[in-house]
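Here is the structure we will look at, set down as structure tokens.
The values are calculated or read from the model by the stated rules, or taken from the named source; none is laboratory data. Small disclaimer: the values here were computed from a predicted structure and weren't measured. In this analysis, Cβ positions are derived from the backbone assuming ideal geometry, glycine residues included, and neighbour counts consider all displayed protein chains. Note: areas computed on protein heavy atoms with side chains; ligands, DNA, RNA excluded. Shrake-Rupley method; radii C 1.70, N 1.55, O 1.52, S 1.80 Å.
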Amino acid sequence: MTVMEQRGAYRPSPPPAWQPRTDPAPLLPDAEPYRVLGTEAAGKADPDLLRRLYAQLVRGRRYNTQATALTKQGRLAVYPSSTGQEACEVAAALVLEERDWLFPSYRDTLAVVARGVDPVETLTLLRGDWHNGYDPHAHRVAPLSTPLATQLPHAVGLAHAARLKGDDVVALAMVGDGGTSEGDFHEALNFAAVWQAPVVFLVQNNGFAISVPLAKQTAAPSLAHKAVGYGMPGRLVDGNDAAAVHEVLGDAVRHARAGGGPTLVEAVTYRIEAHTNADDATRYRGDAEVEAWRAHDPIRLLEQELTTRGLLDEPGVEAARQDAEEMAADLRERMNQEPELDPMALFDHVYAETTAQLREQRALLRAELEAEQERNDAQEGGAR
Amino acid sequence: MTTVAVKPATMAQALTRAMRDAMAADPTVHVLGEDVGTLGGVFRVTDGLAKEFGEDRCTDTPLAEAGILGTAVGMAMYGLRPVVEMQFDAFAYPAFEQLISHVSRMRNRTRGRMPLPITVRVPYGGGIGGVEHHSDSSEAYYMATPGLHVVTPATVADAYGLLREAIASDDPVVFLEPKRLYWSKDTWDPEHPADVEPIGRAVVRRTGRDATLITYGPSVPVCLEAAEAAQAEGWDLEVVDLRSLVPFDDETVCAAVRRTGRAVVVHEATGFGGPGGEIAARITERCFHHLEAPVLRVAGFDIPYPPPMLERHHLPGVDRILDAVARLQWEAEG
Ligand SMILES: Cc1ncc(C[n+]2csc(CCOP(=O)(O)OP(=O)(O)O)c2C)c(N)n1
């Protein structure tokens, strides 16, 4: 038999049995963002919870406008506003138990405040008197993260560690739509799914990464669909519907706590303000789009639901407003005080124990400051 | 005959013009990065490029620095000449894998068969009141990686000239843009841009007899100011603008130091393991017998870059530079 004849007779054997590791169907997100307000599901929502969410949203909006005003007055170096995204920010904080951990980005100061961290300490980074102003352990909130998506693997590691120690702690990590393009997003989701870590990833899809619209960021059917590729469930939710976000995140947290592993939640929302006060959004988007989203305002949605169902009346609205005003007045007053600045603190906490080199540099700066003080005193003396 | 008055231009405008002219002259030049298209970059340095050349030539990429530089490598392999923008110094770090493992060594690995003509533009340094991660001086990392040119302009004319040369270079160039000089102005004619010294040459910005300040990028104007102030103290200081950290111009630097016999290296980057250590060592190795005093360094402290309200204490300023000059063993003169 010739070689060719032998080849002709060859019948390839089938590969060893193959089956998907996970059934993809239950992991797939809904076709439309999940909504509660204005739908039948709203009837099942706990009225007390809705009222709590409402009060927090009103406070949250006021916090955003106050921080923006403080920035215009030069009290903050920069402010990335979460106006329009308050439902996500507030729900992320409220679904967590005290022992859980929150991993926020720079835009999530509201979530941090809603978790109970002092707003002035929260805004330290953006005022610029120090980097992170709060003790992460006090409320179990990781430092605000600016390098995009880098906080996500941290959340996975922390959740994994908690599980190894036998603690039923969940980590909730926040990231923007742009951040999902970073390698760290991919690596975090993969680790979380492989380790079945108790993590919830909340992607706030607010339409833009600075000027870049989602269409240039991803070709995926939705960001929630990305979950399927890692073997975890993806949930798509209306990010301006506080009840829906709270329910979806709450489910994901319970699922994680019960050992069910991670979930990716995409909340569809909109960044009403420019990226920060330093950005000019008119360069890349039109008013019509912004107006359409203003009409789908998270506070209005919830207010309508509550009032139609007789769960909120005029005095109730007024009480929430009053509470928010008090919070804003306190924030304003405290932020209008000059922060205490100690240049010598620059050399603290670089290492657990300082080095000979840092001691030298510290002495140099102290001498400079003393000389500066002497010159100023002499000038004042001369002027007198 | 009428002469058109040449108007002042900012460094940012000169950089934009350099990319524009490079793109017009060479269809293989492509700009890519985060927000570089429609927005024109967060510092507006790519303003108008997408409009003039289309989005294929000036592209808003997905938000991923490793992806931006990694795809630029592939584009360069196929004959394009990518100019990538990293939005800020500290946001270039995800691209380090590509930069160090591929960009810097591709020419060497392939015995010269696959050079990578990539320009990596990085706004760097402090002094703009930026919050955490917006003010790093990362030049030492790049300098420590063989195969990369590391260039940084301090004047409007250099911004144009050096960027044109970087884009035209067949080697990868890390082009560090001092962000606090973006809005610095000088008379400069975009229609007839002045010729500047090539990459690899330092320039004496101010001649002086007593001591040489060696510096680059954002610290050049600070050193010039210090030199002015030093006159009151009776010192005549020379200022050398390195412009190019790699390749390093030993010749110009050493000639200057030999003339004065005293040198201070000034930069924002941290002192320990910073560029000043290399520069001081090179001077000492080459000019030892001309030196009247040890080469001193005025650098950023060895700490993570401070928050904006404290950064003035960290950045090398006129007083700190003059204090260093005062320590150059003048007593021995007498
Ligand atoms: C690694 C990294 N690259 C670039 C930046 C600069 N930057 C800050 S915010 C931003 C856009 C982020 O968009 P998105 O993730 O959608 O979040 P959003 O700001 O809309 O909340 C960019 C590019 C950064 N902070 N980190």
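Identify the residue in segment A:350-384 that is among the hydroxyl-bearing types (Ser, Thr, Tyr) and surrounded by 11 or more Cβ atoms within 10 Å (Cβ to Cβ) and, among all such residues, is nearest to the other protein chains (Cβ to nearest Cβ).
Among those residues, the one meeting the criterion is A:Thr355.
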Review point. Which of the residues spanning segment A:276-295 are basic (Lys, Arg) and open to solvent by 70 Å² or more (accessible area, probe 1.4 Å)?
Key: A:Arg283, A:Arg294
Practice item. Can you tell me which residue within segment B:91-106, out of those that are open to solvent by 10 Å² or more (accessible area, probe 1.4 Å) and in contact with an Asp or Glu (Cβ under 7 Å, 6 or more places away or on another chain), is farthest from the ligand (Cβ to nearest atom)? Key: B:Pro94
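Return yes when B:Val122 is of a type outside the set (Ser, Thr, Tyr) and either on the phi > 0 side of the Ramachandran plot or part of a loop (DSSP other than H, G, I, E, B) (or both) and no when it is not. It would help to see each step written out before you state the result.
On the way: of a type outside the set (Ser, Thr, Tyr): yes; either on the phi > 0 side of the Ramachandran plot or part of a loop (DSSP other than H, G, I, E, B) (or both): no.
Answer is no for this residue.
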Study note, to complete from the structure: Counting only residues in segment B:12-47 that are β-branched (Val, Ile, Thr) and out of contact with any helix residue (DSSP H, G or I) (no Cβ under 8 Å at 6 or more places or on another chain), the one nearest to the other protein chains (Cβ to nearest Cβ) is identified as B:Val42
Review point. Do you know which of the residues in segment B:255-290 that are open to solvent by less than 10 Å² (accessible area, probe 1.4 Å) and part of a helix (DSSP H, G or I) is farthest from B:Cys223 (Cα to Cα)?
Key: B:Cys287
Exercise for review: Could you please tell me which pairs satisfy a Cβ distance under 7 Å, a separation of 6+ or placement on different chains, a first residue in segment B:27-50 that is touching a residue at least 60 places away in the same chain (Cβ under 8 Å), and a second residue that is open to solvent by 30 Å² or more (accessible area, probe 1.4 Å) and away from the ligand (no atom under 16 Å from the Cβ)?
Suggested key: B:Val29/B:Arg81
Exercise for review: Just name the residue that is nearest to A:Ala114 (Cα to Cα) out of those in segment A:68-99 that are within 15 Å of the ligand (Cβ to nearest atom), among the hydrophobic types (A, V, I, L, M, F, W, C) and open to solvent by less than 10 Å² (accessible area, probe 1.4 Å).
Suggested key: A:Ala92
Practice item. Can you confirm whether segment B:68-81 contains a residue that is free of Cβ contacts under 8 Å to residues at least 40 places away in the same chain, open to solvent by less than 10 Å² (accessible area, probe 1.4 Å) and out of contact with any Cys (no Cβ under 9 Å at 6 or more places or on another chain)? Key: yes
Review point. Hey, among A:Val170, A:Val120, which residue is more than 16 Å from the ligand (Cβ to nearest atom) and either surrounded by 24 or more Cβ atoms within 10 Å (Cβ to Cβ) or on the phi > 0 side of the Ramachandran plot (or both)?
Key: A:Val170
**Study point:** Filter result for A:Asn190 (in the same structural domain as A:Asp251 (by TED's automatic domain parsing), open to solvent by 20 Å² or more (accessible area, probe 1.4 Å), at pLDDT 95 or above and within 16 Å of the ligand (Cβ to nearest atom))
**Key:** no
Revision key, fill the gap. The lone condition A:Thr180 fails out of (1) within 20 Å of A:Ala256 (Cβ to Cβ); (2) more than 10 Å from the ligand (Cβ to nearest atom) is (2)
